[in-house]
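Participant: One structure, as structure tokens, below. Some questions next.
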Amino acid sequence: MTAPTASTEAPPPLTIEGRSRGDAVYQGAITAFALCVPVLLAAIAIAIFIAGWPALRQFGLGFLTSSAWDPVQGQFGAAPAIFGTLVSSAIALAIATPLALGVSLFLSEFSPLWLRQPVAFLVDLLAAIPSVVYGLWGIFVLLPLLRSPVMPFLRDTLHLGATGLFSGPAYGASMLAAGIILSIMVLPYIASVSREVLYAVPRSQREAALALGATRWEMIRQAVLPYARSGIIGGIILGLGRALGETMAVTMVIGNRHELALSLFAPGYTMASVIANEFSEASNDLHLSALMAVGFVLFVMTLIVNAIARWLVWQVSRRASGTAA
Amino acid sequence: MTSLAPPPAVGLGQRPTQRQRAFAERAARTVRRRKVFNAAMLSVLSLAAVAATLPLIVVLAHILRMGAGSLSWNFFTQMPKPAGETGGGLANAIVGTLILVAIGSVAGLPVGIGAGLYCAEHGRSRLANAVRFLSDVLNGLPSIVMGIFAWQVLVRPMGHFSALAGGAALGAMMIPMVARTTEEMVLTVPNALREAALALGYARWRTSLTVVLRTASAGIVTGAMVALARIAGETAPLLFTALGNQFWSVSLRQPMSALPLQIYTYAISAYDDQHALAWAGALVLIVLVLGISVLARFVTRTKGGAGAGD
């Protein structure tokens, strides 16, 4: 080296063979890593299906519709768990959706600019709190609160007991408790997706509505929401996917009983909480296989729900980037 | 019912007719009603915003109060006592969580970053699209499903619960999260940088690893930390893999305790002393998890700006 160079590092060897060999190794490595993702998903599906197959074969479709769950007699039906999963998720969405939409619209349409970051941060933080911590809070704060005054108030003071939805003894641990805990946990997911989607609504859309004399609310109702609709629905379905599979917090407050009850005050079970609660105590191979089969049903359900949600959100983002280009 | 069509405008110097006056009044009423409705709906939305931030504050405040009351030095240094005895701590669970998260990162980070790089470099190829979509799907998979999967393929064949199986389950959960953020961050690296490196004679692999990856490192670190924070708080994947352990154990082939597992066990126990430990554990876990998340934001804000100027 005669001429001083600015770089302290020697340039890499320029042999073509060396370079292409390195490239081949690198490409091979990242392709292998990328393949891990589909392989992992397939492995999960296959492993759980195989483990659940004995129970699925023995009970057939009846596994989904029967409500008998008796490890001693070897009778297994997942209907109460499936029902509980759907009901608790429905309660969660019913509570969380209006709140999530409200906070997202507040942030995207008329909040002062300085409030945007902190409020969005606080809501997102809800998703960072571990499930088991929500469960702990649920056991020691939410359940006593439900036992009295909330449940007696709903049942007796508001006379909602007659509807059948809010009847029976107020234990605290119940489908309602699970739904409430779940609503807090899915709120950040719905809120963050709908916030992104609302931010992506073009300004011109809003300006056009305002120029025609719409009030802010009319602008939201007639110009913003229709534009963002499918994305918001995607966010809600994404929240549904979360709610279906939440395990710890639900297990800790739902009461864990195999029962099909109409009343939201009654204890119940979800698919995830059956597995969490009974797996380590599974008495025989068929019981274990039934739990695996429950896991497989849960897997398929969340797979479908998530796929739909992602597809909807992608549709919106593609349209948004299409109009920007 | 009078017609809804507007009457002819009031001419210059003329007095408005009966019909014109009625129309103007009706129009004013409509505007008033719309304004009132507008104000009402905007207040409802603001209330919803307040209500959405309330749970966080309520939950955090309660954990802070209960946890701080039962947190002591012993919590960090002592082992769990048998049920019914007072005192004791969760030293093994804290160490266990750190070890499990470390195993998870060792298993999950390289794969996640590699898959993310692949997606970024092969933009619209079929595998890249599949990986992107399946990562999102995998991300939404219930963690309990990951738990029974790890039990089926690791614990069952090995014949015993182990920290390794728990760490592997956590690592598998990290892959899709890290893959997605890595891709996003790599795509923000300007193409000019890549082209400059290639023009200087750098091989493609070297460009990717030393120029592109390094430029995107702040964002990737953030993504990795967010993923870490999430798996550190997971209980369900550990229930049937790491299982939990009442004793001191750092062996990867043995069952291992973890903070979330201990919180779960203590929360559903019948003893007040254990409840207190559960609250203290929850506080430590929250500080750990939120600490990592907040730190991650901080990393992006400071290093991200400096990194772009490099």
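Each reported figure results from applying straightforward, stated rules to the coordinates on display, with no laboratory input. For clarity, every value in this text was computed on a predicted model and none was experimentally measured. Virtual Cβ from ideal backbone geometry, glycine too; neighbours counted across all protein chains shown.
Participant: I need the calculated FRET efficiency for the pair B:VAL294 and A:LEU61, taking r as the beta carbon distance and R₀ as 51 Å, to the nearest 0.05. Walk me through the numbers on the way to the answer.
Facilitator: Numbers: r = 49 Å, r/R0 = 0.96.
Once the sixth-power term is evaluated, E becomes 0.55.
Participant: Which whole number gives the average count of other chain Cβ atoms within 10 Å of the Cβ atoms across peptide A:100-110?
Facilitator: Working: counts 2, 3, 10, 9, 4, 7, 9, 3, 0, 2, 3.
Neighbouring Cβ atoms belonging to other protein chains average 5 per residue here.
Participant: Per-residue HN-Hα couplings for the range B:222-237, Karplus 6.51 cos²θ - 1.76 cosθ + 1.60 at θ = phi - 60°, whole Hz, x for Gly and Pro?
Facilitator: Per-residue couplings from phi come out as 4, x, 5, 5, 4, 5, 4, 4, 6, 6, 4, x, 6, 10, 4, x Hz.
Participant: Which value, in debye to the nearest 20, describes the size of the charge dipole of chain B about its Cα centre when Lys and Arg Cβ atoms bear +1, Asp and Glu Cβ atoms bear -1, and nothing else is charged? If you can, show how the numbers build up before the last one.
Facilitator: On the way: 25 positive and 11 negative charges, 378 e Å.
Result for chain B is approximately 1820 debye, rounded to the nearest 20.
Participant: While we're on this one: Using a Gaussian network model of chain A whose springs link C-alpha atoms within less than 10 Å, name the residue from A:LEU312, A:LEU146, A:LEU210 with the highest mean-square fluctuation.
Facilitator: Answer for the Gaussian network model of chain A: A:LEU210.
Participant: Pairs of Cα atoms under 8 Å, at least six residues apart: use those to get the relative contact order of chain A, whole percent. Could you put the intermediate results ahead of the total?
Facilitator: Values: 441 pairs, mean separation 83.7, N = 325.
This gives 26 percent for chain A.
Participant: Now, a different point. Provide the per-residue ³J(HN,Hα) series for the range A:29-46, in order, calculated from phi with Karplus coefficients 6.51, -1.76, 1.60 and θ = phi - 60°, each as a whole number of Hz, with x at glycine and proline positions.
Facilitator: Computed from phi, the couplings for the range A:29-46 are 5, 6, 5, 4, 4, 5, 5, 4, 5, x, 5, 4, 4, 5, 4, 4, 4, 5 Hz.
Participant: Amide H neighbours of A:PHE76 under 5 Å, at least 5 residues apart or on other chains, H built in the peptide plane: list them.
Facilitator: Close amide H contacts, sequence-distant or interchain: A:ASP70.
Participant: Would you work out which of A:ILE50, A:LEU260, A:LEU238 lies farthest towards the positive end of the dipole of chain A, given +1 charges on the beta-carbon of Lys and Arg and -1 on that of Asp and Glu, about the Cα centre?
Facilitator: A:LEU238
Participant: Further question on the same structure: Arranged by the count of other C-beta atoms within 10 angstrom, fewest first, what order do B:VAL36, A:VAL87, A:VAL141, A:VAL186 take? Walk me through the intermediate numbers first.
Facilitator: On the way: B:VAL36 11, A:VAL87 20, A:VAL141 15, A:VAL186 29.
Listing B:VAL36, A:VAL87, A:VAL141, A:VAL186 from fewest to most nearby Cβ atoms yields B:VAL36, A:VAL141, A:VAL87, A:VAL186.
Participant: Among A:104-112, B:110-118, A:276-284, what's the highest-first ranking by average C-beta atoms within 10 angstrom per residue?
Facilitator: Values: A:104-112: 19.8, B:110-118: 25.8, A:276-284: 15.6.
Per-residue mean Cβ counts within 10 Å order the peptides as B:110-118, A:104-112, A:276-284.
Participant: Averaged across A:294-307, how many Cβ atoms of other chains sit within 10 Å of each residue's Cβ atom?
Facilitator: Working: counts 2, 8, 2, 0, 5, 7, 0, 1, 5, 6, 1, 2, 7, 5.
That works out to 4 on average.
Participant: In chain A, if the dipole is taken from +1 on Lys/Arg beta carbons and -1 on Asp/Glu beta carbons about the Cα centre, which of A:SER20, A:PRO149, A:VAL201 is farthest to the positive end?
Facilitator: Farthest along the dipole direction, towards plus: A:VAL201.
Participant: For the range B:92-309, what class follows from the C-alpha gyration tensor (a ≥ b ≥ c being the square roots of its eigenvalues): rounded when a/c is under 1.5, otherwise prolate if a/b is larger than b/c, else oblate? Could you put the intermediate results ahead of the total?
Facilitator: Values: a/c = 2.68, a/b = 1.87, b/c = 1.43.
Verdict is prolate for the range B:92-309.
Participant: How high is the relative contact order of chain B? Use alpha-carbon pairs under 8 Å, at least six apart in sequence, and give a whole percent.
Facilitator: Working: 390 pairs, mean separation 71.0, N = 310.
That works out to 23 percent.
Participant: How far, in degrees from 0 to 90, does helix A:113-125 lean away from the longest principal axis of the Cα atoms of chain A, to the nearest 10?
Facilitator: It is inclined by approximately 60 degrees.
Participant: Efficiency by 1/(1 + (r/R0)^6): what FRET value for A:SER204 and B:VAL50, r their Cβ-Cβ distance, R0 = 35 Å, to the nearest 0.05? It would help to have the intermediate numbers written out before the result.
Facilitator: Values: r = 31 Å, r/R0 = 0.88.
Using R0 = 35 Å, I get an efficiency of 0.70.
Participant: Hey, what do the phi angles of the range B:69-86 turn into as Karplus ³J(HN,Hα) couplings, whole Hz, using 6.51/-1.76/1.60 and θ = phi - 60°, x for Gly and Pro?
Facilitator: Once rounded to whole Hz, the list reads x, 10, 8, 8, 4, 4, 4, 8, 10, 9, 8, x, 8, x, 3, x, 8, 7.
Participant: Also, quick follow-up: Please build a GNM for chain B, connecting alpha carbons under 10 Å apart, and tell me which residue among B:THR77, B:THR53, B:THR222 fluctuates the most.
Facilitator: Most flexible of the set in this elastic network: B:THR53.
Participant: How high is the relative contact order of the range A:247-325, given as a whole-number percent (alpha carbon pairs under 8 Å, six or more residues apart)?
Facilitator: Details: 49 pairs, mean separation 16.9, N = 79.
Reported relative contact order: 21 percent.
Participant: Continuing with this model, one more query. Within the range A:189-218, name every residue whose backbone N is under 11 Å away from a label modeled 7 Å from Cα of A:ARG116 along the Cβ vector.
Facilitator: From the range A:189-218, the list is A:199-200.
Participant: On C-alpha positions alone, give me the angle between the axis of helix B:272-309 and the longest principal axis of chain B, in degrees, nearest 10.
Facilitator: Value to nearest ten degrees: 70.
Participant: Would you mind putting A:292-298, A:23-29 in packing order, based on average other-beta-carbon counts within 10 Å, highest first? Kindly include the intermediate steps, with their values, before the conclusion.
Facilitator: Details: A:292-298: 26.1, A:23-29: 14.1.
Ranked by mean Cβ neighbours within 10 Å, highest first: A:292-298, A:23-29.
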